[in-house]
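J.: Just dropping this structure here.
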Amino acid sequence: AVRSQVVESSRAWWRHAVVYQIYVRSFADGNGDGTGDIAGMRSRLPYLERLGIDAIWVNPWYRSPLLDGGYDVADYREIDERFGTTSEAEAFIAEARSHGIRVLVDLVPNHTSWDHLWFKAALAAPAGSDERARYHFLDGRGDHGELPPNDWQSVFGGPAWTRVPDGQWYLHLFDESQPDVNWEHPEVADEFEAVMRFWLDRGAAGFRIDVAHGLAKAPGYPDVGGAANDGRGQPEELPYYDRDEIHPIVRRWRRVLDEYDDDRMMVAEAWVAAARRPLYLRPDEYHQAFDFDLLTATWDADDFASIIAASISSAQAVGSDPTWVLSNHDVVRHPTRYGLPNDIEPGLWLLDGDRGLLDEERGTRRARAAAMVTFALPGSAYVYQGDELGLPEAWDLPLDVLQDPIWHDSEHTVKGRDGCRVPIPWEPTGESLGFGTDGSWLPQPPEFARLAAAAQENEPGSTLELYRTALELRRARLVDEVGFELVDRGPSVLAFRRGDSFTCVTHMGDDHAELPDGEVLLSSGPLHDDRLPPDTTVWLAS
Ligand code: GLC
């Protein structure tokens with residue numbers, strides 16, 4: 001049924017939702033084959049309800065060779081047999097809803113897997129065919145076409161082009177197993193609309209859209225002068241990101257979502273400059289876009305304050321709300337990031353950085369403090385599985401277990417993202433710490449035992465209990481509160497008020513800061529009388 005958007009969507013659920021990201025492969029293993037699955041997810045729904053979340057975003061669960069963890073989709077309408085079946089997925093969506101939890105699915109429209117029927121058909125068809133036109137197939141340069149069509153690089157490393165036996169080259173902004181589709185081909189747009197309807201008809205609350213900034217490529221495929229591709233950028237610098245031609249595609253998707261009832265929504269993974277983000281959030285485009293500025297910010301009160309202020313005002317200017325993220329399946333987990341000095345690039349440190357630089361306790365304190373900041377802010381917050389247990393990055397993974405294509409594609413110069421994708425510890429002892437009954441596809445580091453969910457359950461002061469309490473307080477005090485105001489409480493202190501009676505204060509410096517007056521509702525760590533220790537957030541009723 002068509003519904004009236006304007007009035008109702010002003011209070012739509014997603015505006016203040018806490019969304020929990022499930023990396024299916026690593027969440028819970030229901031059939032004991034070492035890989036997480038839908039059966040495992042079902043068994044943990046009571047846990048998620050108790051945590052106090054509103055929705056789940058499920059990373060790609062479709063049929064896939066899993067060469068990029070499922071972001072290489074072979075069939076958008078089928079669940080990979082390692083994860084379950086399509087009817088199990090549908091049942092999961094319904095069952096989650098009976099726990100009060102909506103389910104967002106991950107849509108990967110920038111590229112398919114090389115196992116997708118379309119790509120197989122493209123390989124079997126000649127140069128210039130319609131089958132090839134659904135991707136970006138070009139002739140090479142050089143006397144015999146032996147050089148790639150241009151100098152574009154892949155995000156994971158190496159050229160963004162791979163040659164096929166008849167001599168043509170195809171574009172892949174990511175791994176060679178992920179050919180980019182050509183959004184100028186009408187069948188591409190029709191097919192993705194049909195896929196959206198397929199999942200909306202099965203109860204999905206909406207979509208997280210992968211590489212939302214990558215769908216359009218500049219005509220003529222101009223060279224970039226050797227510029228690296230770090231997965232983000234502006235159209236003037238990189239002719240394959242953030243182009244204006246993306247927006248009509250998004251508007252068509254939005255029209256589809258608006259045909260459905262129950263406030264379906266979509267959130268963009270758009271790695272674009274902050275000033276360009278509002279374009280994606282216009283009322284007829286995305287509902288939300290992740291704020292990756294906070295995700296990539298180091299521990300600094302001024303940086304946090306300016307990112308937060310900018311994100312709130314730019315989202316609200318176009319009628320959206322900000323969307324906070326501290327970790328996801330692509331970045332070094334934040335307890336580890338915050339445990340490293342600010343001038344160290346965590347993703348590079350993983351491989352062979354000085355281990356002595358890591359202060360894990362400090363990282364954990366800061367991670368707890370940062371979570372309370374994101375939960376106190378207006379807008380919605382995304383929690384990556386294991387954040388609520390305070391899981392650090394598994395930075396010590398042996399090189400021979402690595403699966404992320406970045407490791408291979410970077411010619412072993414970047415360790416990649418496996419360390420944030422290690423299976424969840426549910427129990428402090430036993431086979432794969434309760435993840436499943438027969439090991440896990442990546443080894444869990446020894447300290448995961450202490451951080452297991454069951455070990456933190458009802459444990460005062462545990463990160464799990466901190467999350468539960470914070471989310472409960474948020475629901476009670478903050479979701480209906482529209483006000484937000486930054487407050488100056490001196491250097492190295494991030495402070496803001498929500499409405500008349502709620503203050504959030506974080507000490508991000510080294511010394512002690514003064515604790516403002518008011519009743520302490522919750523703090524991320526111990527307080528000392530009227531002093532707020534470093535790396536601590538406190539919520540006050542005042
Ligand atoms: C997104 C995903 C990442 C994936 C890439 C290619 O950035 O989050 O995991 O590798 O897209 O699909």
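The values are calculated or read from the model by the stated rules, or taken from the named source; none is laboratory data. Treat the numbers as computed from the prediction; the structure is a model and nothing was measured. Here the Cβ positions follow ideal geometry from the backbone for every residue, glycine too, while neighbour counts run over all protein chains shown. These accessible areas exclude ligands, DNA and RNA; they are computed on the full protein's heavy atoms, side chains included. Shrake-Rupley method; radii C 1.70, N 1.55, O 1.52, S 1.80 Å.
J.: Under the Karplus relation 6.51 cos²θ - 1.76 cosθ + 1.60, θ = phi - 60°, what is the ordered set of whole-Hz ³J(HN,Hα) values for segment 339-351, x standing for Gly and Pro?
T.: These are the phi-based 3J(HN,Hα) values: x, 9, x, 4, 8, 9, 8, x, x, 8, 4, 3, 6 Hz.
J.: Could you go through segment 314-331 in sequence order and give the Karplus-derived ³J(HN,Hα) for each residue, using 6.51 cos²θ - 1.76 cosθ + 1.60 with θ = phi - 60°, rounded to whole Hz, and x for Gly and Pro?
T.: Once rounded to whole Hz, the list reads 6, 5, 5, 4, 10, x, 9, 9, x, 9, 9, 9, 10, 8, 7, 6, 10, 10.
J.: Quick one: Cα convex hull volume of segment 203-298, Å³ per residue? Working shown, then result.
T.: Working: hull volume 10.5 nm³, N = 96.
Hull volume over Cα atoms, normalised by residue count, gives 109 Å³.
J.: Still on this structure, please answer the following. Using a Förster distance of 35 Å, how high is the FRET efficiency between Asp33 and Ala121, based on the Cβ-Cβ distance and rounded to 0.05? Can you show the working numbers first?
T.: Details: r = 32 Å, r/R0 = 0.91.
My answer for the efficiency is 0.65.
J.: Would you work out which of Gly214, Pro335, Ala189 lies farthest towards the positive end of the dipole of the chain? Charges go on Cβ: Lys and Arg +1, Asp and Glu -1.
T.: The one lying farthest along the dipole's positive direction is Ala189.
J.: Given a cut-off of under 8 Å on Cα pairs at least six residues apart, what relative contact order in percent is computed for the chain?
T.: 13
J.: Amide H neighbours of Glu514 under 5 Å, at least 5 residues apart or on other chains, H built in the peptide plane: list them.
T.: Leu532
J.: Please report the accessible area of Ile53 (heavy atoms, 1.4 Å probe, ligands and nucleic acids excluded) in Å², nearest 10.
T.: Using a 1.4 Å probe on the heavy atoms, I get roughly 10 Å².
J.: Can you classify segment 358-397 as rounded, prolate or oblate using the Cα gyration tensor, where a ≥ b ≥ c are the square roots of its eigenvalues, rounded means a/c under 1.5, and otherwise it's prolate if a/b beats b/c and oblate if not?
T.: Verdict is oblate for segment 358-397.
J.: Hey, can you grab everything whose amide H is under 5 Å from the amide H of Leu522? Only 5+ residues off in sequence or another chain; H modelled, so Pro and N-termini drop out.
T.: Amide H neighbours of Leu522, under 5 Å, 5+ apart: Trp539.
J.: If one takes the longest principal axis of the Cα atoms in the chain, at what angle in degrees, from 0 to 90 and to the nearest 10, does the Cα axis of helix 86-98 lie?
T.: 20
J.: Using the Kirkwood radius over C-alpha pairs as Rh, can you work out the diffusion coefficient of segment 23-66 via Stokes-Einstein at 4 °C, viscosity 1.567 mPa s, in µm² per second?
T.: Estimated diffusion coefficient is 116 µm²/s.
J.: Using protein chains only and a probe of 1.4 angstrom, how many square angstrom of Thr85 are accessible, to the nearest 10?
T.: For Thr85, solvent-accessible area is about 60 Å².
J.: Taking a ≥ b ≥ c as the square roots of the eigenvalues of the Cα gyration tensor of segment 1-131, is the shape rounded (a/c under 1.5), prolate (a/b larger than b/c) or oblate?
T.: oblate
J.: 7 Å from Cα along Cα→Cβ at both Asp396 and Ala541: what's the point-to-point distance in nm?
T.: 4.4
J.: Please list, in order along segment 125-131, the HN-Hα scalar couplings obtained from phi with the Karplus expression 6.51 cos²θ - 1.76 cosθ + 1.60 (θ = phi - 60°), rounded to whole Hz, x for Gly and Pro.
T.: Coupling constants for segment 125-131: 9, x, 3, x, 6, 5, 4 Hz.
J.: Also, I was wondering about something else. Might you work out the accessible area of Asp242 for me, using a 1.4 Å probe with all protein chains in place, and round it to the nearest 10 Å²?
T.: Its accessible surface works out to 0 Å², give or take rounding.
J.: Turning to a different aspect of this structure: If amide H atoms are built 1.01 Å from N in the plane of the peptide, which residues on other chains or at least 5 residues away come under 5 Å of the amide H of Trp161?
T.: Amide H neighbours of Trp161, under 5 Å, 5+ apart: His172.
J.: Right, next: To check you understand DSSP bridge types, tell me what percent of the beta bridges within the chain (both residues inside) are antiparallel, rounded to 5. Walk me through the numbers before you get to the answer.
T.: On the way: 31 of 57 bridges.
Restricted to the chain, the bridges split so that about 55 percent are antiparallel.
J.: Oh, and also: Kindly express, to the nearest 10 degrees and within the range 0 to 90, the angle between helix 186-201's C-alpha long axis and the longest C-alpha principal axis of the chain.
T.: Once rounded, the angle reads 40 degrees.
J.: Here's a follow-up. Mean projection of the alpha-carbon convex hull of segment 383-542 over all orientations, in nm²?
T.: For segment 383-542, averaging the hull's shadow over all directions gives 12.5 nm².
J.: Taking the 0 to 90 degree range and rounding to the nearest ten, how far is the long axis of helix 463-477 tilted relative to the main principal axis of the chain, both from C-alpha atoms?
T.: The answer is roughly 80 degrees.
J.: Within segment 1-102, report the GluC sites (Glu not before Pro) that DSSP leaves as loop and that have at most 10 other Cβ atoms within 10 Å.
T.: Glu81
J.: For segment 457-542, which whole-number percentage of the solvent-accessible area (1.4 Å probe, protein heavy atoms only) is attributable to carbon and sulfur atoms?
T.: 44
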